[in-house]
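Presented below is the structure to which this report refers.
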Amino acid sequence: MATSLPRHVGIIMDGNGRWAQLRRQPRIEGHRVGAQSVRDITRAARQLGIEALTLYAFSSQNWSRPVDEVAALMELLRDYLVDERPEIMDNQIRLFAIGDLERLPALVRDPLDALCRDSAHHRGMTLTLALSYGGRESLARAARSLAVQVAAGTLDPRAIDVEALGRALPTGELPPLDLLIRTSGEQRISNFMLWELAYAELVFVDVLWPDFRRAELDRCLEAYAARERRFGLTSSQLADTDSDVEPTSG
Ligand code: FPP
């Protein structure tokens, strides 16, 4: 069976706005302190030996937020990419990005592209930022790319199965998603990694993202370790097998 440490953790970082509101501060202050949580959790995940950490930093739908909030978030992302570059490079972290990256302004896109390129050979941990990302949009793009190959005569439609579609997704090279954490008490998926969530364990915590630090992550990992992952089998079948029975990647 799977070891008790998840290989791949995804996080819906929610509650920045409420954190700020509770302190009578502008929403962006919640995002700013939330960026500190990103640093803290990334460092903790790397130290723990988690192979992949995927953070939902900006959804396809977030473009519809007030213009000044979107602009401030883009500046925060740029600052993060510039400030964290040494930490990412020194710790063998591979930065990866998923989503409609073309929509990002150059102030984010340029340092993002550079850091993804320069860290591509790192094997310590893959940190994936979901930016301008939507799970449905991602699936539609993967379906489109397969359809293009079929139309070009380079792909037999009968070869499109679960593995092929999983590989066509931008997460296709990452380990299967084992654990999804959502902060702030909301219990929704909000268009995050819809395909990849198929067999993930879900942990919802009441803590707002700016307050989510190493101790909170440890608690989520303990909750994960206590779960029995069955992948559609029965408990007694699981007891009979020593191997990881997850049927598919992704
Ligand atoms: C959700 O909280 C959070 C976001 C939409 C943005 C997440 C951004 C960060 C954590 C900071 C920058 C990211 C990186 C990678 C450095 P919300 O605003 O929806 O909170 P609310 O539900 O309380 O209003």
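The values are calculated or read from the model by the stated rules, or taken from the named source; none is laboratory data. Computed from a prediction, not measured in an experiment: that's the story for all the values here. Using ideal geometry, Cβ is built from the backbone for each residue, glycine included, and neighbour counts are taken over all protein chains shown. Calculation scope for accessible area: heavy atoms of the full protein, side chains included, ligands and nucleic acids excluded. Shrake-Rupley method; radii C 1.70, N 1.55, O 1.52, S 1.80 Å.
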Select from the stretch 192-209 the residues that are open to solvent by less than 60 Å² (accessible area, probe 1.4 Å) and out of contact with any Ser or Thr (no Cβ under 6 Å at 6 or more places or on another chain) and list them in ascending order.
Phe192, Met193, Leu197, Ala200, Glu201, Val203
Which one of Leu165, Leu238 is open to solvent by less than 30 Å² (accessible area, probe 1.4 Å), part of a helix (DSSP H, G or I) and out of contact with any strand residue (DSSP E or B) (no Cβ under 6 Å at 6 or more places or on another chain)?
Leu238
For the stretch 23-60, name all the residues that are more than 7 Å from the ligand (Cβ to nearest atom), touching a residue at least 40 places away in the same chain (Cβ under 8 Å) and either in a loop (DSSP other than H, G, I, E, B) or aliphatic (A, V, I, L, M) (or both).
Ile28, Val33, Ile41, Ala44, Ala45, Leu48, Gly49, Ile50, Glu51, Ala52, Leu53
Meets criteria (touching a Lys or Arg at 6+ places or on another chain (Cβ under 8 Å), surrounded by 11 or more Cβ atoms within 10 Å (Cβ to Cβ), closer than 21 Å to Phe58 by Cα and not hydroxyl-bearing (Ser, Thr, Tyr)) for Leu131
no
Thr183 more than 16 Å from the ligand (Cβ to nearest atom) and of a type in the set (S, T, N, Q):
no
Arg65: passes all of (1) within 20 Å of Phe96 (Cβ to Cβ); (2) surrounded by fewer than 21 Cβ atoms within 10 Å (Cβ to Cβ); (3) near the ligand (Cβ under 8 Å from one of its atoms) but (1)
